[in-house]
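To keep things clear, I will list the structure first and then write my remarks on it.
The values are calculated or read from the model by the stated rules, or taken from the named source; none is laboratory data. Source: prediction; values computed, not measured. Note that each Cβ is placed from the backbone with ideal geometry, even for glycine, and that neighbours are counted across all protein chains shown.
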Amino acid sequence: MLLHNLRRSPASGSVSFLVGNGFFCRKSQRVVNRCSFRISNSSLPSIEQLSDARVIYSVAPSMGHNQESHPESHFRVPSIVNALEEMKLTPKFRGSEIIELQHFEPASVDDIASVHARAYVFGLEKVMDQAMEEGLILIEGSGPTYATSTTFQESIVAAGAGLALVDSVVAASKIKRDPPTGFALIRPPGHHAVPQGPMGFCVFGNVAIAARYAQRVHALKRVFIIDFDVHHGNGTNDAFYDDPDIFFLSFHQDGSYPGTGKFDEVGTGDGEGTTLNLPLPGGSGDTAIRTVFDEVVVPCAQRFKPDIILVSAGYDGHVLDPLANLQFTTGTYYMLASSIKQLAKDLCGGRCVFFLEGGYNLKSLSYSVADSFRALIGDQSLASEFDNPNILYEEPTAKIKQAIQRIKHIHSL
Ligand SMILES: [Zn+2]
């Protein structure tokens, strides 16, 4: 792993920093040592709380992991949390319907190493001292991925925030048939991070780590991952490419970063057929996604028979997002959240956890996550208050149909 010094920042050379939900760490090594003993279920909500809730979420904003003017900024999670507050979608306003998981442990090195090479995990930890001295560092060969002195610690907190939701949702599913859906409001995102290293703004593969954790800790053998970020989740794809027990399904904009995720990338060896990549033409929007969900996602999941569904929830397919050219609306995200929750209820005891991935227009990101929360709670969508149909243009219907027919043929759907 080669590092470039981008700029010196005396302010970021500070020894102490706030990590996640109140973890105060001085030395990364201390975190690693403590985290090696991560204990499942250490701070779950009570049975009563879990049985009343419809959504359970965790927050790991990684405030120290930030580069000025970078789209994957530390404003992202706070903007979502503020929107949830403003729209009265927090425990303060909704009582027992919504739980914020307040206390969770960072992921352990073993958790991270279930997906990533140990050399990468320890290598990243090691360069934190350099980042502390030099300010921001760029991790070469990783797509434009940066690191600051807090990146390692905040990334294990973010991954841990997802694992704690898996614990909570699984515990709730043992006491009721319709457990709350988990939503990890975390960053840095994860789905581009490959087993050997970081990539494309992503440090650790949060959803992939959670998939392995669900298998190992909760004996949930079959994991179905839906990735609706506008970009291909190449890291998750690679982590499970030969694994028949983890189905990775991604639909994304054809030709967008990182250029992988072609129709014929279907898995290999025992895992052949348990990876589905559907590149969609630029301009695809709400109508395309409704068809994709009904004709591709649902039959795939039904055939696979998962024990849990995990979601790489990227909001950069929104028509207002600056990094891509799809035409998802707030209403599209409501539909996706609502449909995925129903799918989990039908197929795997309602066990489902969403993980925040991309989404770089703070307004469309936060409104869309808020409407996803409404879907998961069972409230009406308020998308019409945000979406402006006048900015949408006609979807490339013929190309979309062709893409859907092609993927259905390849996967015998
Ligand atoms: Zn993305």
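Please state which one of Phe37, Phe23 is modelled with pLDDT under 95 and crowded, with 19+ Cβ neighbours inside 10 Å. Step through it out loud before you land on a result.
Values: Phe37 fails: crowded, with 19+ Cβ neighbours inside 10 Å.
When all the criteria are applied, what remains is Phe23.
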Every pair of residues 6+ apart whose Cβ atoms lie under 9 Å, when the first sits in the range 182-206 and is part of a strand (DSSP E or B) while the second is aliphatic (A, V, I, L, M) and within 12 Å of the ligand (Cβ to nearest atom): Phe183/Ala313; Phe183/Leu356; Ala184/Ala313; Ala184/Leu356; Leu185/Leu356; Ile186/Leu356
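Just one of Thr150, Thr145 is touching a Cys at 6+ places or on another chain (Cβ under 8 Å) and of a type in the set (Ser, Thr, Tyr); which is it? Walk me through it before giving the result.
Working: Thr150 fails: touching a Cys at 6+ places or on another chain (Cβ under 8 Å).
Within the list Thr150, Thr145, the selection yields Thr145.
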Considering every residue within the range 218-228, establish whether at least one is farther than 30 Å from Arg406 by Cβ and crowded, with 24+ Cβ neighbours inside 10 Å. no
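So if I check each of Asp229, Asp242, Asp238, which one is within 15 Å of the chain's Cα centre (by Cα) and among the acidic types (Asp, Glu)? Write out each step before concluding.
Working: Asp242 fails: within 15 Å of the chain's Cα centre (by Cα); Asp238 fails: within 15 Å of the chain's Cα centre (by Cα).
Just one listed residue meets the conditions, Asp229.
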Being over 18 Å from Gly123 (Cβ atoms) and aromatic (Phe, Trp, Tyr) is the filter here, so list the residues in the range 194-215 that pass it. Phe201, Tyr213
State which residue is farthest from the chain's Cα centre (by Cα) when the search covers only the range 350-363 and only residues that are buried (at least 24 other Cβ atoms within 10 Å of the Cβ) and more than 13 Å from the ligand (Cβ to nearest atom). Arg351
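So which residues in the range 167-181 are in contact (Cβ under 8 Å) with a residue 12 or more places away in the chain and either farther than 15 Å from Phe354 by Cα or in a strand (DSSP E or B) (or both), if there are any at all? Can you show your working first?
Step one: of the range 167-181, the residues in contact (Cβ under 8 Å) with a residue 12 or more places away in the chain are 167-173, 175-181.
Those that are in contact (Cβ under 8 Å) with a residue 12 or more places away in the chain and either farther than 15 Å from Phe354 by Cα or in a strand (DSSP E or B) (or both): Ala171, Ala172, Ser173, Ile175, Lys176, Arg177, Asp178, Thr181.
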Among Ser73, Ser62, Ser69, which is among the hydroxyl-bearing types (Ser, Thr, Tyr), assigned to a loop (DSSP other than H, G, I, E, B) and touching a Ser or Thr at 6+ places or on another chain (Cβ under 8 Å)? Ser62
Given the conditions (1) within 14 Å of the ligand (Cβ to nearest atom); (2) more than 22 Å from Leu323 (Cβ to Cβ), and given that Gly269 satisfies all but one, which numbered condition is not satisfied? (1)
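Restricting to the range 364-396, name every residue that is of a type in the set (Ser, Thr, Tyr) and under 16 Å from Ser339 (Cα atoms).
So in the range 364-396, the residues of a type in the set (Ser, Thr, Tyr) come out as 364, 366-368, 372, 381, 384, 393.
Result: Ser368, Ser372, Ser381.
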How many residues does the range 250-265 contain that are among the hydrophobic types (A, V, I, L, M, F, W, C) and within 16 Å of the ligand (Cβ to nearest atom)? 1
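With respect to Gly190, is the statement that it is within 14 Å of the ligand (Cβ to nearest atom) and either of a type in the set (Gly, Ala, Ser) or surrounded by fewer than 20 Cβ atoms within 10 Å (Cβ to Cβ) (or both) true? Please lay out each step first, then the result.
Numbers: within 14 Å of the ligand (Cβ to nearest atom): yes; either of a type in the set (Gly, Ala, Ser) or surrounded by fewer than 20 Cβ atoms within 10 Å (Cβ to Cβ) (or both): yes.
Yes: the conditions hold for Gly190.
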Between residues in the range 338-361 that are within 23 Å of Ala161 (Cα to Cα) and free of Cβ contacts under 8 Å to residues at least 24 places away in the same chain and residues that are in a helix (DSSP H, G or I) and within 16 Å of the ligand (Cβ to nearest atom), which pairs lie under 7 Å by C-beta distance while being six or more apart or on different chains? none
Among the residues of the range 174-187, is any surrounded by fewer than 24 Cβ atoms within 10 Å (Cβ to Cβ) and either within 14 Å of the ligand (Cβ to nearest atom) or small (Gly, Ala, Ser) (or both)? no
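Taking the condition under 26 Å from Phe251 (Cβ atoms), more than 16 Å from the ligand (Cβ to nearest atom), crowded, with 24+ Cβ neighbours inside 10 Å and modelled with pLDDT of 95 or more, does Ala214 pass?
On the way: under 26 Å from Phe251 (Cβ atoms): yes; more than 16 Å from the ligand (Cβ to nearest atom): yes; crowded, with 24+ Cβ neighbours inside 10 Å: yes; modelled with pLDDT of 95 or more: yes.
Criteria met by Ala214.
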Would you please name the residue that is farthest from Phe251 (Cα to Cα), looking only at residues in the range 321-349 that are within 14 Å of the ligand (Cβ to nearest atom) and not aromatic (Phe, Trp, Tyr)? Pro322
Output yes when any residue across the range 136-149 is at pLDDT 90 or above and surrounded by fewer than 20 Cβ atoms within 10 Å (Cβ to Cβ), and no when none is. no
Residue satisfying all of: in the range 59-98; under 16 Å from Thr150 (Cα atoms) and among the hydroxyl-bearing types (Ser, Thr, Tyr); surrounded by the most Cβ atoms within 10 Å (Cβ to Cβ) among these: Ser62
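Given the criteria touching a helix residue (DSSP H, G or I) at 6+ places or on another chain (Cβ under 9 Å) and part of a helix (DSSP H, G or I), does Lys88 qualify? Reasoning before the result, please.
Details: touching a helix residue (DSSP H, G or I) at 6+ places or on another chain (Cβ under 9 Å): yes; part of a helix (DSSP H, G or I): no.
No: the conditions fail for Lys88.
Can you tell me how many residues in the range 91-131 are part of a loop (DSSP other than H, G, I, E, B) and within 18 Å of Pro45 (Cβ to Cβ)?
Start the filter on the range 91-131 by keeping residues that are part of a loop (DSSP other than H, G, I, E, B), which leaves 101-108, 114-117.
From the residues that got through so far, the ones that are within 18 Å of Pro45 (Cβ to Cβ) too are 101-105.
Number of matching residues: 5.
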Residues of the range 200-211 being within 15 Å of the ligand (Cβ to nearest atom), on the phi < 0 side of the Ramachandran plot and among the hydrophobic types (A, V, I, L, M, F, W, C), which ones? Cys202, Val203, Val207
